[in-house]
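Step one of this worksheet: look at the structure below.
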Amino acid sequence: MHARSCRIFLAVLAAILLVPAGWAQQFEQVVKMSTTTSTENSGLLGYLLPLFEAETGLKVQVIAVGTGKALELAKNGDVDLTLVHARAAEDKFVAEGYGVDRRDVMHNDFIIVGPKNDPAGVRKAGKDVLKGLQKIVDSNSRFISRGDNSGTDQKEQELWKQLGAKPSGSAYVAAGLGMGEVLNMAAQMQAYTLTDRATYLAYRAKTGLAILLEGDARMLNPYGIIAVNPERHKHARYKAAMRLIDWMTSPQGQQKIALFTIDDQQVFFPANEGSR
């Protein structure tokens, strides 16, 4: 009877010990990534990540916010890697020891969109983004800003600073929202806004906004991917993060980025331009 009780006890103990181990193994298969709303709203991640997950068995949990918040989540160790588009902020994040192994992934571009009738006359500025913004200021037309310290917001504020002017009073609305929501607001309020091209195309049908200015070299929008420093946050899944980073920047991943289209239009261009 004593031996039988011992066997039962050992069996129960083994079962107790094995359950957390199973949970831990399953938990390790999830990698958390903070990223910008543009990569999510455009549908790019919905296209890319299932391909990566099928190939590796890893699952990617995405937290889509503005670049500032995405970097803050990574800084706090709440995610394992981050995919963002604000190079100065990215370099600062790495220099301060929060991120490692930053790599260029892709780029697209920013555009100014607004009502089709273009009351401010932004189209007349050609490709010069500062002239286009000046027309918005001079006409006291309404402009909707992300206002959320995202990569788009940082680019917008940089352009206003270069211009030395900005819409005032009720003509300038800092929404504190993601790009898709800001596009919807601009449509409802018949206002102008700065947006990445990919999100605009994904929302074009529902907003009816028109592209009024594009093609200025100052509107280039590069994206970088960065692993959270495991020396700063011991719990960070560095190896899993690097598998995603390696895949996104590999010839295969770069080719998949190049093949992603909206309305048959390529919207993200791989950092390795030869990956077509």
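The values are calculated or read from the model by the stated rules, or taken from the named source; none is laboratory data. Since the model is a prediction, treat every value here as computed from it, not as a measurement. So basically every Cβ, Gly included, is an ideal-geometry build from the backbone, and we count neighbours across all protein chains shown.
Please indicate, with yes or no, whether at least one residue in segment 129-151 is in the same structural domain as Leu212 (by TED's automatic domain parsing), without any contact (Cβ under 8 Å) to a residue 12 or more places away in the chain and not in a helix (DSSP H, G or I).
Taking every residue of segment 129-151 in turn, none turns out to be in the same structural domain as Leu212 (by TED's automatic domain parsing), without any contact (Cβ under 8 Å) to a residue 12 or more places away in the chain and not in a helix (DSSP H, G or I).
Which residue pairs have Cβ atoms under 8 Å apart, sit 6 or more places apart or on different chains, and have a first residue in segment 173-185 that is touching a residue at least 40 places away in the same chain (Cβ under 8 Å) and under 16 Å from Thr67 (Cβ atoms) and a second that is in a helix (DSSP H, G or I) and hydroxyl-bearing (Ser, Thr, Tyr)?
Close Cβ pairs (under 8 Å, with a partner that is in a helix (DSSP H, G or I) and hydroxyl-bearing (Ser, Thr, Tyr)) amount to Gly178/Thr37; Met179/Thr37; Met179/Ser38; Met179/Thr152; Met179/Thr199; Gly180/Thr37; Gly180/Thr199; Gly180/Tyr203.
Can you tell me which of Val79, Val105 is surrounded by 22 or more Cβ atoms within 10 Å (Cβ to Cβ), in contact with a strand residue (DSSP E or B) (Cβ under 7 Å, 6 or more places away or on another chain) and part of a loop (DSSP other than H, G, I, E, B)?
Val79
Among the residues of segment 66-94, write down those that are among the basic types (Lys, Arg) and over 19 Å from Asn108 (Cβ atoms).
The answer is Lys69, Lys75, Lys92.
Go through segment 217-276 and give me each residue that's aromatic (Phe, Trp, Tyr) and closer than 16 Å to Leu49 by Cβ.
Tyr223, Trp247, Phe260, Phe268
It is to be established whether one or more residues within segment 206-222 are of a type in the set (Ser, Thr, Tyr) and in contact with a helix residue (DSSP H, G or I) (Cβ under 9 Å, 6 or more places away or on another chain).
Yes, the conditions are met somewhere in segment 206-222.
Checking the conditions here, which among Lys239, Lys206 is under 25 Å from Thr193 (Cα atoms) and either out of contact with any Cys (no Cβ under 9 Å at 6 or more places or on another chain) or modelled with pLDDT of 95 or more (or both)?
One residue alone meets the criteria, Lys206.
Before we move on, is Gly253 under 22 Å from Asn41 (Cβ atoms) and either assigned to a helix (DSSP H, G or I) or more than 17 Å from the chain's Cα centre (by Cα) (or both)?
Yes; evaluated as a whole, the condition is true for this residue.
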